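Quick note: the coordinates plus some simple rules give every number you see, no bench work behind them. In this text, all values refer to a predicted model and were calculated from it rather than measured experimentally. When we count neighbours, we look across all protein chains shown, and the Cβ atoms used for this are built from the backbone with ideal geometry, even at glycine.
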Amino acid sequence: MLDLSTMKVGSKSEIIAIENSSIKSKLIEMGFLVGRSLEVVFKAPLGDPIAIEINSTVISLRKDEAAFIKVREKN
């Protein structure tokens with residue numbers, strides 16, 4: 001199990017869990033739901049923030065926020 005903050009640009013994955021945190025409900029409202037597919041489309045030079053495409057929408061998250069999202073890499 002990987003967390004979203006460690007994924008490379010261009011990698012595709014599926015959400016398998018969202019850790020309990022103060023922003024869990026915010027992430028769910030933005031569409032980060034278990035079973036959804038996503039793709040990392042951009043990372044800033046120092047790795048923060050990260051742009052993720054999910055449901056044809058690009059959302060930017062801070063690295064520490066992305067770490068709460070657990071994913072499984074897709075081929």
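At 0.36 nm per residue, minus the direct Cα-Cα distance, what do Val34 and Lys70 gain on full extension? Give it in nm, one decimal, please. List each step's numbers first, then the result.
On the way: separation 36, 0.36 × 36 = 12.96 nm, distance 0.92 nm.
Taking 0.36 nm per residue and subtracting the Cα distance, the gain is 12.0 nm.
How much net charge surrounds Glu19 when only other residues with a Cβ under 10 Å from its Cβ are counted (Lys, Arg +1; Asp, Glu -1)? Don't skip to the end; give the middle numbers.
Numbers: positive: Lys24, Lys70; negative: Asp3.
Neighbour charge sum, excluding Glu19 itself: +1.
When the Karplus curve 6.51 cos²θ - 1.76 cosθ + 1.60 is applied with θ = phi - 60°, which whole-Hz ³J(HN,Hα) does each residue of the stretch 42-53 get, with x for Gly and Pro?
My calculation for the stretch 42-53 gives 7, 9, 5, x, 9, x, 8, x, 10, 9, 10, 9 Hz in order.
Compute the relative contact order of the chain as a whole-number percentage, counting only Cα pairs closer than 8 Å that sit 6 or more residues apart in sequence. Numbers along the way, then the final one.
Details: 147 pairs, mean separation 34.1, N = 75.
It rounds to 45 percent for the chain.
Can you work out the FRET efficiency for the pair Ser25 and Arg62, with r the C-beta to C-beta distance and R0 = 25 Å, to the nearest 0.05? Each step should come with its number before you reach the end.
Numbers: r = 17 Å, r/R0 = 0.66.
That gives a FRET efficiency of 0.90.
If amide H atoms are built 1.01 Å from N in the plane of the peptide, which residues on other chains or at least 5 residues away come under 5 Å of the amide H of Ile52?
Here Val41, Ile59, Ser60, Leu61 satisfy the definition.
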